[in-house]
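Participant: Attaching a single structure in structure tokens format; questions to follow.
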Amino acid sequence: VFRRVVLRAYDERCAITGLKLSNGGGRAEVAGAHIQPVQANGPDIVSNGLALSGTAHWMFDRGLISLSDDLDVLISRHANDPDGVRAFINRSGRATAPQRAFERPHPHFLRWHREHCFKQ
């Protein structure tokens, strides 16, 4: 249910890259990613979720990228190819957000990710 709700909020588009890809069967190639993981008491709610492509999800979970409260994409100084990461991010340098305010990433969860996951 979490995946379905998050992907619907993001129109099945990766929040970081802006890509909207689907496989041959029409299934969206993005995941519903938790900002604050369930294992760390993060809730299964849309404002604690992002639609992320595989590589973006991997980088987010490992703290190589994060988001400011204004949804600017932050790149860790520990990234071994920061120019490649910048090229991977959509041109605006900001994550795309759902249209409806209640579906947007909540600053509480974004702050948690920056404080506990992001490798500054």
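Participant: Quick one: G63 ticks every box in (1) surrounded by fewer than 19 Cβ atoms within 10 Å (Cβ to Cβ); (2) on the phi < 0 side of the Ramachandran plot; (3) at pLDDT 95 or above; (4) within 15 Å of the chain's Cα centre (by Cα) bar one, so which box is it?
Facilitator: (2)
Participant: Please state which one of R13, R4, R8 is closer than 17 Å to Q99 by Cα, touching a residue at least 60 places away in the same chain (Cβ under 8 Å) and open to solvent by 30 Å² or more (accessible area, probe 1.4 Å).
Facilitator: Within the list R13, R4, R8, the selection yields R13.
Participant: Checking the condition modelled with pLDDT of 95 or more and under 16 Å from A33 (Cβ atoms), which residue from P98, P107 passes?
Facilitator: Selected residue: P98, the only one of P98, P107 that is modelled with pLDDT of 95 or more and under 16 Å from A33 (Cβ atoms).
Participant: Another question, if that's okay. Could you tell me whether any residue of the range 104-113 is closer than 24 Å to E12 by Cα and surrounded by fewer than 12 Cβ atoms within 10 Å (Cβ to Cβ)?
Facilitator: no
Participant: Let me ask you something else. Only residues that are of a type outside the set (S, T, N, Q) and either touching a helix residue (DSSP H, G or I) at 6+ places or on another chain (Cβ under 9 Å) or in a helix (DSSP H, G or I) (or both): list them for the range 55-72, please. Full working, then the answer.
Facilitator: Residues of the range 55-72 of a type outside the set (S, T, N, Q): 56-65, 67, 69-72.
Residues satisfying the conditions are A56, H57, W58, M59, F60, D61, G63, L64, I65, L67, D69, L71.
Participant: Does the range 31-54 hold any residues that are surrounded by fewer than 15 Cβ atoms within 10 Å (Cβ to Cβ), assigned to a loop (DSSP other than H, G, I, E, B) and touching a residue at least 12 places away in the same chain (Cβ under 8 Å), and which are they?
Facilitator: Within the range 31-54, the subset surrounded by fewer than 15 Cβ atoms within 10 Å (Cβ to Cβ) is 38-41, 43-44, 54.
Restricting the remaining residues to those that are assigned to a loop (DSSP other than H, G, I, E, B) gives 41, 43-44.
The one that is surrounded by fewer than 15 Cβ atoms within 10 Å (Cβ to Cβ), assigned to a loop (DSSP other than H, G, I, E, B) and touching a residue at least 12 places away in the same chain (Cβ under 8 Å): D44.
Participant: Something else: Conditions: (1) more than 13 Å from the chain's Cα centre (by Cα); (2) over 25 Å from V1 (Cβ atoms); (3) exposed (fewer than 14 other Cβ atoms within 10 Å of the Cβ). R100 meets all but one. Number of the miss?
Facilitator: Against the list (1) more than 13 Å from the chain's Cα centre (by Cα); (2) over 25 Å from V1 (Cβ atoms); (3) exposed (fewer than 14 other Cβ atoms within 10 Å of the Cβ), R100 comes up short only on (2).
Participant: Output yes when any residue across the range 73-87 is at pLDDT below 95, touching a strand residue (DSSP E or B) at 6+ places or on another chain (Cβ under 9 Å), under 22 Å from A101 (Cα atoms) and assigned to a loop (DSSP other than H, G, I, E, B), and no when none is.
Facilitator: no
The values are calculated or read from the model by the stated rules, or taken from the named source; none is laboratory data. On a predicted model such as this, the values are computed, not experimentally measured, just so you know. Note that we place each Cβ from the backbone using ideal geometry, even for glycine, and neighbour counts take in every protein chain shown. Please note that ligands, DNA and RNA were not included when accessible areas were found on the heavy atoms of the full protein model with its side chains. Shrake-Rupley method; radii C 1.70, N 1.55, O 1.52, S 1.80 Å.
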